[in-house]
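All of the numbers you see were taken from the coordinates with simple rules; none came from a lab. On a predicted model such as this, the values are computed, not experimentally measured, just so you know. FYI the Cβ positions are ideal-geometry reconstructions off the backbone, even for glycines, and counts take in every protein chain you see.
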Amino acid sequence: MSATGLHHRTSESPRFNILERIREVLSRREVIGNLIGKELKVKYKSTVLGVLWSMLNPLLYLVVFWVVFTVFLPAGIPDFAVFLLSGLLVYTLFATGLAAGTGSVVDNASLVTKVAFPREVLPLAAVGASLVNFAYQVAVLLVFMIAIGYDFVGWNLLLVPAGLTVLLLFTTALAMGTSALNVRYRDTMHLVELSLIAWFWVTPIVYSASLVLGRLDIWAQRLYLANPLAPIVLAFQRGLYGYRLAGNCNDAGVQDALPARIAELPGCQAILPDPGLTWYFWRLGLVAAMSLVLIALSWWIFFRMSGDFAEEL
Amino acid sequence: MTEPAVAVDGVSKRFKLYRERPTSLKERVISFRRAERAVDFWALRDISAEIPAGTTVGLIGANGSGKTTLLKIIGGIIRPTSGEVRTRGRIAALLELGAGFHPELTGRENVYLNASILGLSRRETDSYFDRIVEFSELERFIDNQVKHYSSGMFVRLGFAVAIHVDPDILLVDEVLAVGDEAFQRKCLDRVAGFQEEGRTMIIVSHDADLVARVCDQAIMLDGGRVRAAGDAMEVVKDFHTHMLKIHAPFVREDVTKEVEIRDVRLLNRKGETPYRGVRAGDPLTVQVDIEAKLPVRDPVVSMAIYDGSDRLMFKTGTDWTQMPLGTVEGKRRVSFRISTIPFTSGGYRLAVGVHSPDLAAVYDWYDQQGAFEIWRDPPREGSVWVPHESEVEEL
């Protein structure tokens, strides 16, 4: 169905062909860009600081946690500010993208009921706008890490683009489904907002994953890691924060200490579950595969329901 | 003509009307057990039409006749319940001017956003931008936020963007009547330009005379069905008659001609037929000559005045004025004397009928479009003429 070709409309929704939909959406990528631009412009219209506001939030976190945990409470997770932000920014992108995406079709009711365009651009633009904010916030984190002389350059950085790709896939997959469901059941938005609170605490953002995993049996561990956000957050933590040890580790306090070696030292604890990079890539791969299946499913739901959007809004 | 630009084939559209639409999951679950409380409403029933490329077609009909629903289905915004629509070429639907304009953004930003949603690439918008701004006459305000625009400026910009989208098929819903008269003329000029370029247009309007003026063909919808289709002039004529029937029950096909209307005249203050129109506030007399060959008991003469959009303005009859005609045989002259014409401007339509008091039989009726014109020098705004005077006192 090209913009200039022959259109054929019946009571049935046209057959869902994901490649065709991708082509259709790609052909309208300028709309996505413009909608993202609109979101950002509207957000900072009539502000003096503009986009700086996006960056002040992580900056505040960094300064507060850096001061609190290095000056007042120099225990627990070393460089807690960096640890926290490398997970928190990921979660912020996920949460804002999913919340804005869920509401995207309803919020643009005036467009949906008046103009024909591929409706997919709405949730995609919502996730895209969150991505732009994420980029500013990551820039703040990187500048901070360079400023305090944090050692993070290496192959581990490859986990960041990989993790980001999987995160975008997963967020989009969910947002597409929830944005369509939200048109018919406005409960969806409330459900999403509530879930995002719970989800934050089952994901290792403010606490270390190995601390939790160490107290769980093998099945509970599997269940914990089945949370698709856990491997993504862990990948960012491994990529930016790195493999670090906490507690009384003495000479074992090197980056590549073997788990077996650490276990011999009482009172010494690794913060992340695995020192190598392969474990994280492997976990990310699983989430990516799952996200691809999910995206196909929720796109199908979205497409089926989108024929009725204009009527239900 | 070869392939039609738009082919509508047996399209029906059903809306489910819920008294209170259950939209939350809990309510869904609850109302699942109860029988469906929804009432079916068929907005369109079995509509078929072919619109050849390059023609301009008007969709007319009373409010709620399904015009906009049909336009939305052709534009791909909603789906038909059954039947199919085939269209050929890029479609732009002007259902609402400036749909999607964001009040916080400037005119310029909104032009780019709106144009891209309507299907223009950035490069295309760049090349049309100056023309869009020129058309909207908003050169000085294009970098102001749209929230500071007047509603007239808002729709002008919306229209300017939409007509530069360069569609093969343009769907227009009641939006030709925006802005002041000068801007309307510009819009109609642009429509004429579209026609010359051989583009296809479907125009929804309740202003049937506009459709008669602009369109080659027209389709009249009534209760979701096609009531008439074909030459625009013919369909518009049918439409006017149809609209008369809504408020003038004497407009019927089955006239008995027991009493016939011989003549209907309008007389001005001087008792002459006005040739230039009637001045607002002046008296007007409607004179109806009837003739019955055989005696007819108690016929009633009724008259109704409609404005240019077929809205009933005034209705009366000899039964209302308690002026019984008795048994009529031969000729009678019935006059309705209106002491003050309470309208300010525009063309008005007159319908007159003779019928039995209970309307069981209609003997004859007559109607004239543009029966009289109200004029004022200088022209005034507002739609009602209120008799008044003014005085000044020294205090």
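What ranking do B:323, B:243 get, fewest neighbouring Cβ atoms within 10 angstrom at the top?
B:323, B:243
Choose one answer from A:158, A:111, A:93: the residue with the largest mean-square fluctuation in a GNM of chain A with alpha-carbon springs under 10 Å.
A:111
Work out the length of the dipole vector of chain B about its Cα centre, built from +1 on the beta-carbon of each Lys and Arg and -1 on the beta-carbon of each Asp and Glu, and round it to the nearest 20 debye.
Using Cβ point charges on Lys, Arg, Asp and Glu, chain B gives about 1340 debye.
Could you give the nm distance between label points at residue A:196 and residue A:151, where each point is 7 Å from its Cα heading toward the beta carbon?
A separation of 3.8 nm, rounded to one decimal place.
Count, for each residue of A:114-127, the Cβ atoms from other chains sitting within 10 Å of its Cβ, then give me the mean as a whole number.
4
As a check on your grasp of the helix formula, calculate [θ] at 222 nm for chain A: sum -39500 (n - 2.57) over DSSP H runs of n ≥ 4, divide by the residue count, round to the nearest 500.
Calculated mean residue ellipticity at 222 nm is -21000 deg cm²/dmol.
In this model, which of A:41/B:186; B:16/B:315; A:43/B:147; B:13/B:315; A:43/B:16 are farther than 26 Å apart at the alpha-carbon?
Cα-Cα > 26 Å for A:41/B:186; B:16/B:315; B:13/B:315; A:43/B:16; rest within.
Applying a 10 Å radius around every beta-carbon, put B:69-81, A:199-211 in order of their mean neighbour count, most first.
Top of the packing list down: B:69-81, A:199-211.
Hey, what do the phi angles of region A:135-148 turn into as Karplus ³J(HN,Hα) couplings, whole Hz, using 6.51/-1.76/1.60 and θ = phi - 60°, x for Gly and Pro?
4, 4, 6, 5, 4, 4, 4, 5, 4, 4, 5, 5, 5, 8
Compute the distance in nm between two label points, each set 7 Å from the Cα along the Cα-to-Cβ direction, one at residue A:13 and one at residue A:57.
3.1 nm
Can you work out the Karplus-derived ³J(HN,Hα) for every residue in region A:235-248? Use 6.51 cos²θ - 1.76 cosθ + 1.60 with θ = phi - 60°, whole Hz, and x for glycine or proline.
Each residue's phi maps through the Karplus curve to give 5, 5, 5, 5, x, 9, 6, x, 7, 10, 10, 10, x, 8 Hz.
Can you give the three extents of the C-alpha atoms in region A:11-81 along their principal axes, from longest to shortest, in whole Å?
66, 35, 21
What spacing in nm lies between the two simple spin-label points modelled at residue A:289 and residue A:68, each 7 Å away from Cα in the Cβ direction?
Inter-label distance under the simple model: 4.0 nm.
Would you work out which of A:62, A:36, A:77 lies farthest towards the positive end of the dipole of region A:1-130? Charges go on Cβ: Lys and Arg +1, Asp and Glu -1.
A:36
Quote the FRET efficiency, to the nearest 0.05, computed for residue A:48 versus residue A:215 with a Förster distance R0 of 41 Å and r equal to the Cβ-Cβ distance.
Calculated transfer efficiency: 0.25.
Assign unit charges at the C-beta atoms only (+1 for Lys and Arg, -1 for Asp and Glu), then state the dipole size of region B:114-217 relative to its Cα centre in Debye, rounded to the nearest 20.
That gives a dipole near 260 debye.
Rounding to the nearest 10 and keeping the result within 0 to 90°, find how far the Cα-based axis of helix B:151-163 lies from the longest principal axis of chain B.
Result, in degrees: 60.
For chain A, find the longest principal axis of its Cα atoms and tell me its angle to the long axis of helix A:159-184, 0 to 90°, nearest 10.
The angle comes out at about 40 degrees.
Angle check, please: helix A:29-44 long axis (alpha carbons) against the longest principal axis of chain A (alpha carbons), in degrees 0 to 90, nearest 10.
That works out to roughly 60 degrees.
Cα-Cα pairs above 39 Å in chain B: how many percent?
Percent of Cα pairs beyond 39 Å in chain B: 36.
Please give the average number of partner chain Cβ atoms lying within 10 Å of the Cβ of each residue in B:115-125, rounded to a whole number.
Mean shielding by partner chains, rounded to a whole number: 5.
Could you order peptides A:268-281, B:211-224 by the average number of other Cβ atoms within 10 Å of their residues, highest first?
The packing order, highest mean first, is B:211-224, A:268-281.
Place a +1 charge on the Cβ of each Lys and Arg in chain A and a -1 charge on the Cβ of each Asp and Glu, then give the dipole magnitude about the Cα centre in debye, rounded to the nearest 20.
Once rounded to the nearest 20, the dipole reads 640 debye.
Each residue of region B:233-242 in order: what ³J(HN,Hα) in whole Hz does its phi give by Karplus 6.51 cos²θ - 1.76 cosθ + 1.60, θ = phi - 60°, with x for Gly and Pro?
Taking θ as phi minus 60°, the curve returns 4, 5, 5, 5, 4, 4, 5, 4, 4, 4 Hz for region B:233-242.
Take the Cα atoms of region A:87-217, find their three principal axes, and give me the spread along each one in whole Å, biggest first.
Dimensions of region A:87-217 along the principal axes of its Cα atoms: 54, 36, 20 Å.
Please build a GNM for chain B, connecting alpha carbons under 10 Å apart, and tell me which residue among B:151, B:309, B:48 fluctuates the most.
B:151
Which of the aspartates and glutamates could a cross-linker bridge to residue B:331, judged by Cα under 17 Å and excluding same-chain residues fewer than eight apart?
Hits, sequence-local ones excluded: B:258, B:260, B:263, B:289, B:291, B:298, B:364.
Take the Cα gyration tensor of the protein assembly as shown, multiply each eigenvalue by 5, square-root it, and list the three semi-axes largest first, rounded to whole angstrom.
Taking √(5λ) for each Cα gyration eigenvalue gives 71, 27, 23 Å.
Taking the radius of gyration and the Kirkwood hydrodynamic radius from Cα positions alone, what is the Rg/Rh ratio for region A:1-134, to two decimal places?
Result: Rg/Rh = 1.15.
Averaging sequence separations of C-alpha pairs under 8 Å and six or more residues apart, then dividing by the length of chain B, give the relative contact order as a whole percent.
The normalised contact order for chain B reaches 14 percent.
What length, rounded to one decimal in nm, is gained on full extension from residue B:312 through to residue B:137, with 0.36 nm per residue of separation minus their alpha-carbon distance?
59.3 nm
To the nearest 500 deg cm²/dmol, what mean residue ellipticity at 222 nm is calculated for chain B from DSSP H runs of n ≥ 4 alone, each contributing -39,500 (n - 2.57), summed and divided by the residues?
Mean residue ellipticity at 222 nm (helix-derived): -7500 deg cm²/dmol.
Along the charge dipole of chain A, Cβ charges K/R +1 and D/E -1, which of A:278, A:125, A:94 sits furthest on the positive end?
Selected residue: A:125.
Work out which GluC sites (Glu not before Pro) in chain B are exposed loop sites (DSSP not H, G, I, E or B, at most 14 other Cβ within 10 Å) and give the longest gap free of them.
B:37-196
To the nearest whole number, what is the average tally of beta carbon atoms from other chains within 10 Å of the beta carbons of peptide B:45-54?
0
Select from B:148, B:317, A:295 the residue farthest towards the positive end of the dipole of the protein assembly as shown; place +1 on Cβ of Lys and Arg, -1 on Cβ of Asp and Glu, and compute about the Cα centre.
Of the listed residues, the answer is A:295.
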